[in-house]
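The values are calculated or read from the model by the stated rules, or taken from the named source; none is laboratory data. If you're wondering where the values come from, they're calculated on a predicted model, not measured in any experiment. FYI the Cβ positions are ideal-geometry reconstructions off the backbone, even for glycines, and counts take in every protein chain you see.
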């Protein structure tokens with residue numbers, strides 16, 4: 001018998017927590033199959049497959065059946081562009097911030113330098129600072145900087161530097177680096193320097209030591225840092241909103257735009273796909289970690 | 001065959017200074033001179049913080065001397081990085097690469113030498129045979145026992161056939177029985193391969209068992225260097241006599257020096273004690289009489305007029321092979337180890353508290369050391 005008596009409250013608390021965590025997601029997925037266009041009430045699934053038929057605001061028949069809104073979404077060119085932008089931004093900023101963050105973590109672990117306490121503190125500030133402040137800062141910085149550069153170089157028309165995918169990537173890298181650094185630093189905490197010494201002792205120079213010994217050993221830390229950066233970049237709205245420009249709409253920005261016009265079940269369909277992808281990624285990652293732990 | 005210099009490793013007046021957390025400077029290694037001969041099993045023995053590991057790390061190239069110079073095979077090392085030194089290290093923590101198999105761990109050093117694959121395979125096989133771990137090639141370090149990991153760490157360093165193998169308390173993490181086995185095995189391997197072993201330990205028994213020569217270190221300085229017999233039988237200082245094995249110390253003043261013999265007046269015994277003059281004592285100065293507990297003879301009546309003291313047994317401890325007898329003589333308690341040569345069930349055979357007896361110190365077994 002477990003010596004800890006289970007109070008009924010524990011079970012209730014757990015149920016409440018799970019309800020509020022997952023009920024919105026379940027609702028969202030359910031509504032992506034809604035027959036109603038207005039998306040206010042759930043009017044049941046679209047019953048039959050065939051040429052599109054409507055009854056008022058209800059879709060009664062669709063070529064895709066219950067998956068009507070997913071098909072509509074697929075036809076939506078803007079979503080494709082936004083998805084591509086989002087992935088480009090997330091992958092680029094993840095890759096770059098993983099490299100910079102890992103380098104920073106290694107430097108902080110290995111060397112003692114005068115501004116080290118400041119460097120450590122400066123990693124926390126972007127994390128605790130409100131995102132909106134960062135966003136406004138990014139916007140101010142880039143618009144001022146670009147204005148100066150454009151004016152001084154006399155750039156005109158398409159040559160002018162403007163906000164766009166580049167500025168979004170740079171600002172995403174900036175807010176991802178502290179997260180990667182902190183995650184990798186935690187991993188390095190238990191890293192015994194004698195592994196590196198052993199490699200050098202056996203004839204490996206610094207570079208070979210890094211690639212053959214240090215990097216493989218800290219790779220799980222780097223990967224979890226990168227995964228964190230990827231998810232942060234993928235769903236960032238606030239900073240992206242300020243740093244983005246024409247032609248650089250990301251999915252969160254696009255969804256926000258859709259909501260302002262009309263809440264169509266397309267948004268739900270998009271979110272459902274998104275959740276599905278994340279779910280697959282998480283399961284894969286867990287499998288990978290389980291295999292490594294063996 | 002390459003011409004070898006006489007010494008595998010030399011430390012000439014080496015100092016290593018560290019900054020303490022309080023901001024003061026500390027000489028972890030303080031003007032150390034050491035000559036380690038080729039093919040020798042050399043131990044650096046001392047308690048933690050005596051500078052033995054720092055000395056070893058400087059030989060390996062993980063640290064650089066603040067002053068002085070280290071020579072390996074007659075070559076001044078200066079700031080030569082570890083990967084350009086013909087020495088290899090067995091780490092206390094083993095430092096086996098967790099993401100590599102046993103085979104990959106051992107082959108790593110040979111790959112760095114760009115040895116051809118066939119040769120790597122053959123050499124890894126031979127060294128695994130030597131440490132008796134054939135068939136473990138595909139295992140990961142985590143899947144091995146502590147003793148096996150220790151052997152792999154040894155194999156990984158040995159496979160490089162270095163001039164000098166540096167071992168930093170390699171048996172520290174093993175249990176006593178395994179440690180004893182490995183001591184013998186290490187010594188056997190060293191004799192077989194003929195490589196110079198420099199061994200760091202805080203375990204005096206380990207050092208005495210395995211070494212050709214020992215350097216006893218304390219507070220960054222070498223206190224004494226010599227063979228195990230020299231270190232144990234002729235300690236040159238009170239520190240070494242107390243650190244290696246057990247000793248009785250009787251403090252007094254030198255009364256006379258007569259060639260190899262010296263007489264010391266020991267106030268606590270109210271008498272003179274005669275012993276071997278170690279050459280460092282001076283007339284009229286303070287000295288300490290040092291005698292090993294197993295070198296004291298117990299008798300009922302004095303054997304000679306010299307160095308015989310009446311005393312009474314305070315306590316005894318029976319430990320099987322020996323009986324430890326603590327005898328009160330004057331104001332001192334002197335420990336005597338008596339070997340149990342006779343098998344007896346009679347408690348009286350092992351001395352009893354209050355028993356009066358005579359302790360006889362043979363002058364040739366008694367050392368007179370300068371009291372410093």
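You will find that of B:172, B:135, the residue that is loosely packed, with under 15 Cβ neighbours inside 10 Å, more than 13 Å from chain A (Cβ to nearest Cβ) and part of a loop (DSSP other than H, G, I, E, B) is B:135 and no other. Looking only at the stretch B:150-159, decide whether some residue is more than 13 Å from chain A (Cβ to nearest Cβ) and either modelled with pLDDT of 90 or more or under 25 Å from residue A:191 (Cα atoms) (or both). Looking for residues that are more than 13 Å from chain A (Cβ to nearest Cβ) and either modelled with pLDDT of 90 or more or under 25 Å from residue A:191 (Cα atoms) (or both), one finds at least one in the stretch B:150-159, hence yes. Of the residues making up the stretch B:70-93, those that are within 13 Å of chain A (Cβ to nearest Cβ) and either surrounded by fewer than 23 Cβ atoms within 10 Å (Cβ to Cβ) or without any contact (Cβ under 8 Å) to a residue 60 or more places away in the chain (or both) are B:80, B:81, B:82, B:83, B:84, B:85, B:86, B:91, B:92, B:93. If you go through the stretch B:252-267 and pick out every residue that is surrounded by fewer than 20 Cβ atoms within 10 Å (Cβ to Cβ) and assigned to a strand (DSSP E or B), you end up with 7. The number of residues in the stretch A:258-288 being surrounded by 13 or more Cβ atoms within 10 Å (Cβ to Cβ) and either modelled with pLDDT of 85 or more or in a helix (DSSP H, G or I) (or both) comes to 15.
Tell me, please, whether a residue that is within 14 Å of chain A (Cβ to nearest Cβ) and buried (at least 21 other Cβ atoms within 10 Å of the Cβ) can be found in the stretch B:120-129. For the stretch B:120-129, residues within 14 Å of chain A (Cβ to nearest Cβ) and buried (at least 21 other Cβ atoms within 10 Å of the Cβ): present. For the stretch B:50-69, a residue qualifies if it is more than 14 Å from chain A (Cβ to nearest Cβ) and within 15 Å of the chain's Cα centre (by Cα), and the qualifying residues are B:50, B:51, B:52, B:55. Residues that are surrounded by 15 or more Cβ atoms within 10 Å (Cβ to Cβ), in a strand (DSSP E or B) and touching a residue at least 60 places away in the same chain (Cβ under 8 Å) do occur in the stretch B:324-332.
Matching residues to (1) free of Cβ contacts under 8 Å to residues at least 60 places away in the same chain; (2) in contact with a strand residue (DSSP E or B) (Cβ under 6 Å, 6 or more places away or on another chain); (3) within 24 Å of residue A:197 (Cα to Cα):
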site: B:21; (1), (2), (3): yes, no, yes
site: B:44; (1), (2), (3): no, yes, yes
site: B:47; (1), (2), (3): no, no, yes
site: B:51; (1), (2), (3): no, yes, yes
site: B:60; (1), (2), (3): no, yes, yes
site: B:68; (1), (2), (3): yes, yes, yes
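Restricting the stretch A:53-92 to residues that are part of a loop (DSSP other than H, G, I, E, B) and at pLDDT below 80, the residue that is farthest from residue A:275 (Cα to Cα) is A:56. Checked against the criterion of being at pLDDT below 90, in a loop (DSSP other than H, G, I, E, B) and surrounded by 18 or more Cβ atoms within 10 Å (Cβ to Cβ), the stretch B:268-276 contains one or more residues that satisfy it. Only strands (runs of 3 or more DSSP E) whose full extent lies in the stretch B:1-118 are considered here, and the ones with at least 1 residues that are closer than 26 Å to residue B:141 by Cβ are B:87-90.
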